[in-house]
Protein chains: 2
Amino acid sequence: LTGALVADLREVVGDANVLTAVEDTAGYTCDWTGRFQGLTPAVARPASTAEVAGVVAACRRHGVPLVPQGGNTGLVGGGVPLAGEVVLSLSRLAGVESVDPAARRLVALAGTPLAAVEAAAAAHGLAYGVDLGARGSATIGGTVATNAGGLRFVRHGGTREQLAGIEAVLGNGSTVAHLGAPAKDNTGYDLAALLCGSEGTLGVVTRACLRLVPRHDERAVSLLGFATPEAALAAAAALSASMLPLDALEMIWGPTMALLARELPPGPPFDAAAYLLVECADLVDPLPALSAAVDSLAGVVGAAVATDGRRRAELWRYRDEIAPAIARVGVPVKMDVSVPLPAQRELAASVSAVVTGVAPGAGLYLFGHVGDGNLHVNVVLPASAERDVAHRVEDAVYRVTADLGGSISAEHGIGTAKLPWLGLVRSDAELAAFRAIKSALDPDSICNPHCLLPPPFTR
Amino acid sequence: LTGALVADLREVVGDANVLTAVEDTAGYTCDWTGRFQGLTPAVARPASTAEVAGVVAACRRHGVPLVPQGGNTGLVGGGVPLAGEVVLSLSRLAGVESVDPAARRLVALAGTPLAAVEAAAAAHGLAYGVDLGARGSATIGGTVATNAGGLRFVRHGGTREQLAGIEAVLGNGSTVAHLGAPAKDNTGYDLAALLCGSEGTLGVVTRACLRLVPRHDERAVSLLGFATPEAALAAAAALSASMLPLDALEMIWGPTMALLARELPPGPPFDAAAYLLVECADLVDPLPALSAAVDSLAGVVGAAVATDGRRRAELWRYRDEIAPAIARVGVPVKMDVSVPLPAQRELAASVSAVVTGVAPGAGLYLFGHVGDGNLHVNVVLPASAERDVAHRVEDAVYRVTADLGGSISAEHGIGTAKLPWLGLVRSDAELAAFRAIKSALDPDSICNPHCLLPPPFTR
């Protein structure tokens, strides 16, 4: 059976682009964190939309599902073959095809790394509104499929907000394309918005038309220390409500900064119970406005500010190196939740309480995009922890998040990792609607069937 | 049969809220332009989401489709019962329920007029990003269902860009709600984005959570005259590509302005072959930047500028009174098309050529949101024109638009009026996907079945 499928895939993409040996497929069957590991009968690497359609057709004919894979930088197990799926890698379908600076748009193939899109925009004096730490490897197709958020969400929103059009091969085998339409266009359902965030369950994104934004090269960054986390959150709310041209508004809780200072010194220039990292960007120097806003904040116990690139990078280091610092002390349980802005204080308190209750002795590292209500909760369990503690920690954190009207996935998606908890935030009616849409566009459930949509009985 | 349906509707919404007499339903069965006229067995006016669900259930039970209706300000026959549908009027389901100024959002019931949303936002020092001439009667549910564009699209995008969440009763009878989720939320398909622009074909919108934007009260408006339409379009492109804080960028072709000057004097302060109306809005006075930009434009033969409210309104009159001026000389064939910005020059030339070819002697009045590539084409036919000329004019205009990579509906939607031409801009694969989604969420085709989706055989 598998042999016939592999032969058909070779027919579509050529022998060299179907990988079957375990040593060749290993990079495609495991996510980069090492938490999600599967096996695949074949990795197919199409180089055109027609070849993608050929791979989808072959999988349908043989009744073998597929998992689309971009840069394999996902965090929820949505891009690896956990149940023996074929891997449809978009790595060869890459490149920025065209840039229209007047319309502020570009068209990129799905496998194009985010950094290549950023570079193409910059070459025309423009910028792309989504930026991620994984910009060198994360691909446009993957960021569309997962509606990636990232560092500049507070300014530009997520990937869906940047998406002007899409080309995709649907699970039903057909290719839909609506790439070059004008910005103002009311001619039917917005398939691009529907596929964005669908995590490969409806089809395979092959091209995207992306909106570009003006470049704001005048920048000011401030690292602020606060006497209490509550004071930092209150300051974040004040900054959010201000007219400052915010490009980022990040928070780092004291214990997280202390870990960073210990594992990846030097530490911050002042001690505090919590820190905010604020970046403003504008066409004119934003420093005066940022300084005035900072002066009006309560509870500030220390402040550093930078406008030149080198000093700005030094301050961003306190945010960028958190994940590496945590990785030095263990493999964390990584959670990515969000709540309405006013509930962040209660979320942080509740998360601390439930994690301490479920996993006494665990390291709890809080940080996040507080401008967006998005808290990253990293928990490093003690070596002595029982096997199910990680699951119980997740369960407890997701439940307090849902109780506060929050989202169990702010930006990472559901994937396979969060399936057990989707019912906490989505009703039976919504899940039924999701399944109906899935069946409509992917009637044989060929596309990423174990991702995003829990079977009806698991709720 | 109808008697049993009406009895069931009365059971759901009460006797007083089911209208059946022709004199009572007349206001619901004809659009405001008088072009679309139908009949209905009953107008049902639910006052709660549960009552909406009851009306949908009753229609399903009796196999009678329904047309959701908001302010009945649509322009494409999508909100009136052209095939004997029940009218589900949202007029009693109205009101702004809550405003969250910190999160810059509000929740409004579907029947809330746009102006009431604008007022609720203004009361908190904020604004709503979508504004229309019909703001007093157009409802939030209708603007969501049609993805309304309007006057400030160039700044804030359309309704879909403002939509943070939705509650709706789907055609399958279920109620889906996702209203209070945080801004960053990746937990499944974006039903709100899918229903936005679906023109009532998937379900009935009952509530919307809308994003609000900062108020920009420092405003400057300029009316510019140009030696040629080409010079005006080139200037519009230059202004679009600039960093000006544009709130509107409108163009009025010379013959259109001449009609306005004749029918609703006084005319503009200077004669020109084409005019631009430019509005900038910011936190600081935008006049210096606007003046500098205007000074750098080529082909300007006249300029007027205003910053105070009264003088700004005087300049906006040249845009706002175009439709009334046209109405004084006949019932126009109204077309609403868009193209990528660089194609606007060719679009205007091609439209002039084909309209003159199909309908010699017709009055052709061009104006539009040139900042968005959105051209309104109004054609007043001579009294002697044969009956099919209007259809042939539309056919010719939509074909040249499609040939330029444009949209046959920039903002009005497809409704029933543009059904014959949807295949010009959407492929068979896309139309099949639309139909599959329609069947998934509205399996009995109860919701607006004659709108938006052409039957497969008409292409």
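Spin-label model, A:D395/B:E321: points 7 Å from Cα along the beta carbon direction are separated by 7.1 nm.
Evaluate the charge dipole of chain B about its Cα centre and quote only its size in Debye, nearest 20, assuming +1 on the Cβ of each Lys and Arg and -1 on the Cβ of each Asp and Glu. Could you put the intermediate results ahead of the total?
Details: 34 positive and 45 negative charges, 51 e Å.
The dipole of chain B has a size of about 240 debye.
Each copy carries A:A50; placing its label point 7 Å along the C-beta direction from Cα gives inter-copy distances of 5.9 nm, listed from smallest up.
Summary for A:A292: label point 7 Å along Cα→Cβ; distances to the equivalent points in the other copies, ascending, 1.9 nm.
Sorted shortest first, the distances from the A:A349 label point to those of the same residue in the other copies are 6.8 nm; each point sits 7 Å from Cα along Cα-to-Cβ. Taking every protein chain into account, the accessible area of region B:354-400 amounts to 40 square angstrom per residue (probe 1.4 Å). Taking a ≥ b ≥ c as the square roots of the eigenvalues of the Cα gyration tensor, the protein assembly as shown is prolate, since a/c reaches 1.5 or more and a/b is larger than b/c.
Let me know the Kirkwood hydrodynamic radius for chain B, please, with Cα pairs as the basis and the value in Å to one decimal. Could the numbers behind the result be given before it?
Details: mean 1/r = 0.0433 Å⁻¹.
Across chain B, the inverse of the average 1/r is 23.1 Å.
Share of the protein assembly as shown's accessible area from carbon and sulfur, percent, 1.4 Å? The value for the protein assembly as shown is 55 percent carbon and sulfur by accessible area. For A:K438, a cut-off of 26 angstrom between C-alpha atoms picks up these lysines, skipping any fewer than 8 places away in its own chain: A:K418, B:K184, B:K438.
Shielding value for B:163-175 is 2, the average number of Cβ atoms from other chains within 10 Å of each residue's Cβ. With a Förster radius of 56 Å applied to the C-beta separation of B:R328 and A:D295, the computed FRET efficiency comes to 0.40.
Answer rounded, prolate or oblate for region A:1-117, using the Cα gyration tensor with square roots of eigenvalues a ≥ b ≥ c: rounded when a/c is under 1.5, else prolate when a/b is larger than b/c, else oblate. Note, shape of region A:1-117 comes out oblate.
Taking a straight Cα-Cα cut-off under 13 Å and skipping sequence neighbours fewer than 8 places away in the same chain, the aspartates and glutamates within cross-link reach of A:K334 are A:E394, A:D395, A:E411. Inter-chain neighbour count for B:425-435: the average number of beta-carbon atoms from partner chains within 10 Å of each residue's beta-carbon is 6. Among the residues of B:192-198, the average count of other protein chain beta-carbon atoms within 10 Å of the residue beta-carbon is 5. When peptides A:50-59, A:382-391 are sorted by average Cβ neighbour count within 10 Å, with the highest value leading, the order is A:50-59, A:382-391.
Leaving ligands and nucleic acids aside, the A/B contact buries around 5400 square angstrom of accessible area in total at a 1.4 Å probe radius. The residues neighbouring B:S242, those whose beta-carbon lies less than 15 Å from its own, together hold a net charge of -1 under the Lys/Arg +1, Asp/Glu -1 convention. When the trypsin sites (Lys or Arg not before Pro) in region B:122-197 are filtered for DSSP coil states and for at most 15 other beta-carbon atoms within 10 Å of their beta-carbon, no site remains. Classify region A:37-95 as rounded, prolate or oblate, taking a ≥ b ≥ c as the square roots of the eigenvalues of its Cα gyration tensor: rounded when a/c is under 1.5, otherwise prolate if a/b is larger than b/c and oblate if not. Oblate is the answer for region A:37-95, as a/c is 1.5 or above yet b/c matches or exceeds a/b. The B:V213 and A:D444 beta-carbon pair, evaluated with R₀ = 56 Å, returns a calculated FRET efficiency of approximately 0.80.
Identify the chymotrypsin sites (Phe, Trp or Tyr not before Pro) of region B:168-270 meeting these criteria: DSSP loop state and at most 15 other C-beta atoms within 10 Å of the C-beta. Passing both the DSSP loop test and the Cβ count: B:F270.
Could you state the accessible area per residue of region A:98-149 in Å², with a 1.4 Å probe and every protein chain left in place? Walk me through the numbers before you get to the answer.
Working: 1480 Å² over 52 residues.
Here the per-residue accessible area is 29 Å².
The values are calculated or read from the model by the stated rules, or taken from the named source; none is laboratory data. Predicted, not measured: the structure shown is a model, and the values here were computed from it. Cβ: placed from backbone, ideal geometry, glycine included. Neighbour counts: every protein chain shown. Side chains included, ligands, DNA and RNA excluded: accessible areas come from the protein's heavy atoms. Shrake-Rupley method; radii C 1.70, N 1.55, O 1.52, S 1.80 Å.
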